[in-house]
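The values are calculated or read from the model by the stated rules, or taken from the named source; none is laboratory data. Not measured: the values here are computed from a predicted model. Quick reminder, even Gly has a Cβ in these numbers, built from the backbone with ideal geometry, and neighbours come from all protein chains shown. Note: accessible area is taken over every heavy atom of the protein model, side chains too, but ligands, DNA and RNA are not part of it. Shrake-Rupley method; radii C 1.70, N 1.55, O 1.52, S 1.80 Å.
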Amino acid sequence: TLAHKEGHAHTGIFKKPFRALNYLCEWWIGVFYGIVPNSYSIAHMKIHHRWHNDVDDVHTNLDLDRTKLSSFFIYVPRFTLYWMGISPFALLVKRNEWKLVAELVYGMAAYYGVTLLLFIWSPTFCLTYWLFVHTEGMVLLCAISYLWHAFVEESDPGNQYVNSVTILEGHDNVFNEDYHVVHHHSPSTHWTDAPAHFEKMKDKYAAVNATIFRDTEEGMLLQMLFENDWDKMAHHFVDLNNKLTHEEKKALIVRRLSVVVGKDGRDGKRMQGEWGSSATIRDFND
């Protein structure tokens, strides 16, 4: 989470004379949790936050039926390529964004260079204390990413109030990450102001029956998703308008999880074969 926040802080979290600490998470603490340096600041910010899980995003899940457990196992290799930096490298090269490519490669070279040195020194140590946490972090974030953007309203597929999950009274709400709509719609909003932003925009959430859950957390929701426990998921679903019955909530959840987006993208703007076009980039200014 700290590396995530650090990646979003364009000017850095720390000011002089502590500016050197701005690289603490991605370049020191994060590597011991399997994070490739510059991954969040480049791959996450310049890809995921441009396409917001649309089909040009290198770890989108919108072309998969999220009600099927098998879809997650298709998604894992996709996220693996993202986590390792391979698919972000390919997309940024395709877009000729060489400055970003250089920064991404710099972090990858440093991480995998250390990996090679550790393996030469002690394969057992490398596998146990370095590659294991890299894989562990990848699988954890893969599952979280899969959940955060699992819902799509077929009549309004680009609506971020539906596409991103919000959790109220969450059991594991670190730095207000549970306000994921705010994270995408208003990334400049400080994490301490996320609840106030939610309250300010509450009418917009209500107008589209936004994807909101209460009194739960990501792991529990993933379990419900993988087990197809729509009853329990509906129990935690929040209808801000207080109009939906339990069965209607279930139907809404399943319908949104079942929407599969084709090669034209959520809004139909993507040209066939035109991967990573600037025309499909989405900007939000709420």
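Listed here are the residues, each with its yes/no results for (1) polar (S, T, N, Q); (2) in contact with a Pro (Cβ under 6 Å, 6 or more places away or on another chain); (3) open to solvent by less than 10 Å² (accessible area, probe 1.4 Å).
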{"site": "T135", "(1), (2), (3)": "yes, no, no"}
{"site": "I144", "(1), (2), (3)": "no, no, no"}
{"site": "H149", "(1), (2), (3)": "no, no, yes"}
{"site": "V152", "(1), (2), (3)": "no, no, yes"}
{"site": "S155", "(1), (2), (3)": "yes, no, no"}
{"site": "V165", "(1), (2), (3)": "no, no, yes"}
{"site": "L168", "(1), (2), (3)": "no, no, no"}
{"site": "F175", "(1), (2), (3)": "no, no, no"}
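Checking each residue of the range 87-101 against the condition of being touching a residue at least 40 places away in the same chain (Cβ under 8 Å), under 15 Å from the mean Cα position of the chain (by Cα) and buried (at least 19 other Cβ atoms within 10 Å of the Cβ) gives at least one match. Quickly run through the range 60-86 and pick out the residues that are open to solvent by 20 Å² or more (accessible area, probe 1.4 Å) and among the hydroxyl-bearing types (S, T, Y). Scanning the range 60-86 gives T67, S70, T80.
Among the conditions (1) within 21 Å of the chain's Cα centre (by Cα); (2) farther than 21 Å from K250 by Cβ; (3) surrounded by fewer than 15 Cβ atoms within 10 Å (Cβ to Cβ); (4) not β-branched (V, I, T), the only one that F125 does not satisfy is (1).
Of all residues in the range 197-245, those that are under 17 Å from V182 (Cα atoms), open to solvent by 50 Å² or more (accessible area, probe 1.4 Å) and under 23 Å from the mean Cα position of the chain (by Cα) total 4.
Criterion applied to A234, A210 was being part of a loop (DSSP other than H, G, I, E, B) and among the hydrophobic types (A, V, I, L, M, F, W, C), and the one residue passing it is A210. At least 1 residues being farther than 23 Å from I253 by Cα is the threshold, and among the helices (runs of 4 or more DSSP H) wholly inside the range 135-202 those reaching it are 194-200. Among the residues of the range 61-86, those that are within 26 Å of D229 (Cβ to Cβ) and touching a residue at least 60 places away in the same chain (Cβ under 8 Å) comprise N61, L62, D63, L64, D65, R66, T67, L69, F72, Y75, V76, F79. Considering each residue of the range 75-86 in turn, at least one proves to be farther than 20 Å from S41 by Cα and out of contact with any helix residue (DSSP H, G or I) (no Cβ under 7 Å at 6 or more places or on another chain).
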